[in-house]
Structure formats: structure tokens, C-alpha cells
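A.B. asks: Take a look at the following structure, please.
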Amino acid sequence: KYRVYTEKDGKYALLKETTELNFSIPGDMEFDSVQIRSIDNNGDESEPVDYRHDWRFQLSPQYWIPVAEMRVFAGNGYGGCADVSRRDLFINDLELGGTCGFMEIKGKEKIGEGNSNVTALYMFPAAAFAAYRIPVIFDKFNCYDVLSLFPKVSAGMMVVYSDYQLLDISGAVDAEKTATMFVPFVKAGMFVEYGLSRNFFFTLGGEFSYM
């Protein structure tokens, strides 16, 4: 058995009690969202079904544009990242999670005093993040954000691996070397998300990283 509640301005009202898996809601009713609770044999209610407490998994492509000192030895790059997060853990619309990824960056030649080439540069970031979701369009029948905005801040550690060449005075390759660095970083950005359903969505945004 299930109880269906409507919510308006934070106040809940029982709409109906049913054993059916499908039900209809009058089109002229005014409400902000719908909440469903199951009932056990003792008449006790479960926690409500809430899409915002679902775990979220996201895979996304990345494009890297270096600025400031990074432009000296690194060009543009690309890669991808995987995020896992959960919403409303402490306050409504706050989303907390973790992310990890991989970036392949184009190196530059004759950097510094012209005595070295960066031939390969790879980055492996991992971070914790916090985002605050701002629903713009909410589907109150299916209970998910059709369109939302969210600022996002992250902090973590990045493993940077590079292959580089040392050049002699004539510009010929004198030695080939590798280096691995562990670099802390923070980043912040703004994103817009469009949801086709509760489980499938598109996200577009940009972030600025400081290392």
C-alpha cells in the first residue's frame, strides 16, 4: 500500500492511499512536488521516495586551456573525468561528491632558456567537490530538475607525469628524462544541466583551476 502526498510551500497534504502502481493527479491541482511513501503491515510509513537522495554517476569529456605560467610549457589538452555524488546530505540542494580523471596535454618546445622540450604531459586529478543546485525548471510530476544551474568548488591532488628532452647548445637532444610531480589544486566553476529524465542528463560548464 502507498500514500501519495502533495507538497506546496513546504506543507504536505495526503492526496490518496492506494495499492495501485499507477495513479493520476487532477490537472487543476496546485502543488510544488509529489511524495510517495509505502506502508507496512503495522501502518508505519517508509521514508519518501526522493530523487535528490539518489547517488549520481557522471562521465564527461574535458578540454584543457592553459593560462598564466602553464602556457610556458603546456598547450591545450583533452581528457575525461568520472564523478560520483549525492544531494541534500546536510541542507537542501547541497551536493557533495568526488571526482577523478585523466588529461593528455600537448607539450611545448624550447621552453625556459630554449634548452628543453616537453614531449608529453599527462595529468591525473582526484578531488572532493561541493555544488549547490539551483532548479530553474522542475518537473513536479516526475520529480526531477529539467533545467538547473549549479556553482561548484573542488579541492584535491593531481599527479603530473611528463617526458622532456634536454638540448645542447646547438639545439640537438642531449638527454631524455621523465618527471612525476604531486600537485595540490583548487578549482571553481559554473554549470548548467538539462535532464531528459531522472537518470539521464546533459551538463555543460567551465572551471578555473589554480595549482
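A.B. asks: Return a whole-number percent for the relative contact order of the chain, with Cα pairs under 8 Å and 6 or more residues apart as the contact set.
C.D. replies: 13
A.B. asks: Roughly speaking, what is the centre-to-centre gap between the range 63-124 and the range 1-28 when only Cα atoms are used, to the nearest Å?
C.D. replies: 47
A.B. asks: Something else about it: Restricting the calculation to Cα positions, tell me the Rg (one decimal) and the Dmax (whole number) of the chain in Å.
C.D. replies: Gyration radius and largest Cα-Cα distance of the chain: 24.9, 87 Å.
A.B. asks: Still on this structure: Summarise the accessible area of the range 79-211 (1.4 Å probe, protein heavy atoms) by the percent that is carbon and sulfur.
C.D. replies: Here carbon and sulfur together make up 62 percent of the probe-accessible area.
A.B. asks: Another question about this same structure. Can you give me the convex hull volume of the Cα atoms of the range 1-107, divided per residue and expressed in Å³?
C.D. replies: 186
A.B. asks: Over the range 52-174, give the accessible area per residue in Å² for a 1.4 Å probe, as an integer.
C.D. replies: Spelled out: the 1.4 Å probe surface of the range 52-174, per residue, equals 57 Å².
A.B. asks: Then there's this: Arrange the residues Tyr5, Tyr210 by how much accessible surface each exposes, largest first, with a 1.4 angstrom probe.
C.D. replies: Per-residue accessible area, sorted high to low, gives Tyr210, Tyr5.
A.B. asks: Restricting to the chain, compute how many DSSP beta bridges are antiparallel as a %, nearest 5.
C.D. replies: Antiparallel bridges: around 100 percent, rounded to the nearest 5.
A.B. asks: Restricting to DSSP loop positions (anything but H, G, I, E, B) with no more than 16 other Cβ atoms inside 10 Å of their own Cβ, which GluC sites (Glu not before Pro) remain in the range 1-44?
C.D. replies: Glu20, Glu30
A.B. asks: May I pose another question? For Trp55, Trp64, write out the residues from largest to smallest accessible area, computed with a 1.4 angstrom probe and no ligands counted.
C.D. replies: The ranking, largest first, comes out as Trp55, Trp64.
A.B. asks: Run the accessible area of the range 1-50 with a 1.4 Å probe and give the carbon-and-sulfur part as a rounded percent.
C.D. replies: 42
A.B. asks: Next up: Tell me what the chain gives for mean residue ellipticity at 222 nm when only DSSP H runs of n ≥ 4 count, each as -39,500 (n - 2.57), the sum divided by the residue total, rounded to 500 deg cm²/dmol.
C.D. replies: Theoretical 222 nm ellipticity from helices: -500 deg cm²/dmol.
A.B. asks: Grab every C-alpha pair in the range 83-176, bin the distances at 5 angstrom width from 0 up to the longest one, and report whole percents.
C.D. replies: With 5 Å bins starting at 0, P(r) equals 3, 11, 14, 13, 10, 9, 9, 7, 7, 6, 5, 3, 2, 0, 0.
A.B. asks: For the pair Glu20 and Arg198, how long in nm is the line joining their label points, each one 7 Å along Cα→Cβ?
C.D. replies: 1.9
A.B. asks: If I stretch the segment between Asp174 and Val72 completely, what's the gain in nm (0.36 nm per residue apart, minus their alpha carbon distance), one decimal?
C.D. replies: 34.6 nm
The values are calculated or read from the model by the stated rules, or taken from the named source; none is laboratory data. All figures in this text were calculated on a predicted structure; none of them were measured in a lab. So basically every Cβ, Gly included, is an ideal-geometry build from the backbone, and we count neighbours across all protein chains shown. SASA here: full protein model, heavy atoms, side chains in, ligands and nucleic acids out. Shrake-Rupley method; radii C 1.70, N 1.55, O 1.52, S 1.80 Å.
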